[in-house]
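Every read-out reported here was derived from the displayed coordinates using simple, explicitly stated rules and does not represent laboratory data. The model shown is predicted, which means the values in this text are computed figures rather than measured ones. Cβ coordinates were reconstructed from backbone atoms using ideal geometry, including for glycine residues, and neighbour counts include every protein chain displayed.
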Amino acid sequence: MAYFVTGATGFIGRFLLAELLDHREGTIYCLTRAGSIDKLDALKERLGDDDRIVPVVGDLTKARLGVDDSEVERLTGHVDHFFHLAAIYDLTADADSQYRANVEGTRHALELAEAVGAKHFHQMSSIAAAGLYRGVFTEDMFDEAQDVEHNPYYQTKHESERVVRQEARVPWRIYRPGAVVGHSQTGEIDKIDGPYYFFRIIQRVRNLTPSWFRGIGVEGGEINLVPVDYVAKATDYLAHQPDLDGRTFHLTDPEPLTVGGLLKALTKAAKAPQPTVNVDARVLDALPLRLGNTLAKLPGAKQLTDLVLAEVGVPRESFQYLTYPTHFDSSKTRALLHGSDIEVPPFATYVQTLWDYWERSYSPDRRKDKQLARAIKGKTVMITGASSGIGRATALRVGAAGGKVLLVARGVEALEQTKLEIEDLGGVAFVHRCDLADMSDIERMAKEVVQEHGRVDVLVNNAGRSIRRSIALSYDRFHDFERTMQLNYFGPVRLILSLLPVMRQTGPDGRKGGHIINVSSIGVQTNIPRFSAYVASKAALDAFSRCISSEIIDDGVHITTIYMPLVRTPMIAPTKMYDRFPTMTPAEAADMICKAMIRKPKSVGTAMGNAGALAYQVAPRGVDVVLNAGYKLFPDSAAARGSKSGKKDEPSTESVAFAHILRGVHW
């Protein structure tokens, strides 16, 4: 017995090959483009193949799949089962590409199957062939499909089935899987589509909202999901059962989740806030057509929608599943599979596996780490203040991404702990103790680093000191201004002056250039009250950096200033009022720094900070009025007043609301 498979290296294809290798005998011929043989070789190695998998060079878009005459002659009379899996499974692909691959590709596959005398032709279709049929769609139905012209994917899957039904001269069988998701045991997938588009939205909600929060969700039609291992096992089994030619098999979940049920399962797996009330999206179908068209044509409506969807990474086409009207009856297929131990597992039993695999391998955070790895490959990254907070979180990210991390701070014990954590992640780190308020100690440490490591490619000036005190309480505290300038301005400048000469010169390895990242404050943009000592020191470093940037640009040295919003770190702990304010986590702050390493922008700021800077340019007195209101709402802390009563500084309801409106601003 021998097999011919198109799309063997695709998602379903590689799992079907595994089934054929494990449970069947004979050669498996696999169509592959001339430039893709290495992909098939990699799959053979993964499957532990002993040369049963044989490549056949061809092309889906050519007549008879582009297989030459000598190869056809070699295959003639030897192919028992011809599996046609190659197709475009993408709602967003253009119509011409889908037609060539799905319709013409199927026709070309039939031509080859007939030319080699294949005994059976197996087409992997999709439930999309039913279009938007309203009601129960059975395995015997085809012409009853509705609205297939609604999307090129529906139309081409329907037409490719028609090609098989009307043109095939080889006995055929058609398989219609639901939306195929990852392996139920491992979660493995190879691309992001279908329900995975919404994983990113759930992740964002989880990162921005406490897990105990309960909100409004979305209800809708059925979402029929099946894991890829079920599809592969069922296809292999049904293909080898006698007397089933000319039949269609629904490889679908007999009890599919609705949109609301799917979101509930996913948010639970993601440990994200779960909705308590669902708004049924199907009420939109009841809108009069004229009203729907009018809303869609409002000025900027489409552009705004596209902008939002692009930001969350969801194609517009995916939203049609919110009101999907079809239920797929699979009773005949399930009867055939009865006794084979092949059945669709309940989604709840493997949703956690799907989520964990996606978050490990395909989430935006993971992709960003891959970008970060490319940006810092082979580079030495120095991070000051690496013993806790933002510095520690950044060091862990950089270490995990493959950078050589130099950890700098006064507390050696805490640095050693960070070093151990980086090494547990497979990274490399070195501890360099330094008092960053002591200019001579900075100079000593910098010389030590250059001697041991040769150069610093990326310098993150993160260590800092914050003082929150009104000017009325600062008349006799000039040392507050000296201390903040010492650590926040003179310290980074001394370090830059020590490391910059090596960055600017070409080393023995031919490298030249570098990147200096200064962690500044949103206060520099918003001019917040009570932080005159702190903001002035950060603004000084900002001005210094702007001035030298034009002098060093020819040497490939970049400087980035990050206007960091309020972050929950040990530095803000003395101000107990901040316990009830919206703050960024150290991990989110580290993400801003890592993005800067990738893109090397002149500055990085939040929407609130950028808006504050613009507002001050346009209406400075108006901004003073707003800031004065904040100044009155947020009193000096007990520590700033020198009080030792131990009484907590409890914010008022008005001040908490004000802090949420101007999110991220220090008060």
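What you get for segment 364-616, charging only the Cβ of Lys and Arg (+1) and of Asp and Glu (-1), is a dipole of about 660 debye around the Cα centre.
Among the GluC sites (Glu not before Pro) found in segment 77-136, not one is both in a DSSP coil and sparsely packed, with 13 or fewer other Cβ atoms within 10 Å of its Cβ. Entry note: segment 364-616 has Rg to Rh equal to 0.95, where both radii use alpha-carbon atoms and Rh is the Kirkwood radius.
Judged by the mean number of other Cβ atoms found within 10 Å, the most tightly packed of the peptides 198-205, 220-227 leads the ranking 220-227, 198-205. Can you bin segment 371-460 into rounded, prolate or oblate? Criterion: square roots of the alpha carbon gyration tensor eigenvalues sorted a ≥ b ≥ c, rounded for a/c under 1.5, prolate for a/b above b/c, oblate for the rest. Judged from the Cα gyration tensor, segment 371-460 comes out oblate (a/c at least 1.5, b/c at or above a/b). Once segment 399-534 is represented by equal point scatterers at the alpha-carbon sites, with solvent omitted, what log10 I(q)/I(0) does the Debye formula produce at q = 0.09, 0.15, 0.19, 0.21 Å⁻¹? Debye curve over Cα of segment 399-534, log10 I(q)/I(0) at q = 0.09, 0.15, 0.19, 0.21 Å⁻¹: -0.34, -0.84, -1.15, -1.28. One chain, two ends: F481 and R100. Fully extended at 0.36 nm per residue, the span grows by 130.1 nm beyond their Cα-Cα distance. I'd like the distance separating the alpha-carbon centroids of segment 101-158 and segment 170-195, in whole Å. Computed from Cα coordinates, the inter-centre distance equals 15 Å. Taking 0.36 nm per residue of separation and subtracting the Cα-Cα distance, full extension of the segment from E73 to D22 would add 15.6 nm. Would you mind classifying segment 473-529 by shape? Square roots of the alpha carbon gyration tensor eigenvalues, ordered a ≥ b ≥ c; an a/c under 1.5 is rounded, otherwise it is prolate if a/b is larger than b/c and oblate if not. Judged from the Cα gyration tensor, segment 473-529 comes out oblate (a/c at least 1.5, b/c at or above a/b). Both the radius of gyration and Dmax for segment 498-570 are 15.2, 50 Å, in that order, over alpha-carbon atoms. Taking a Cβ cut-off of under 15 Å around G48, the surrounding Lys, Arg, Asp and Glu residues balance to a net charge of -3, with basic ones at +1 and acidic ones at -1.
Evaluated with a Cβ-only charge set (Lys, Arg +1; Asp, Glu -1), segment 96-185 carries a dipole of roughly 300 debye about its Cα centre, given to the nearest 20.
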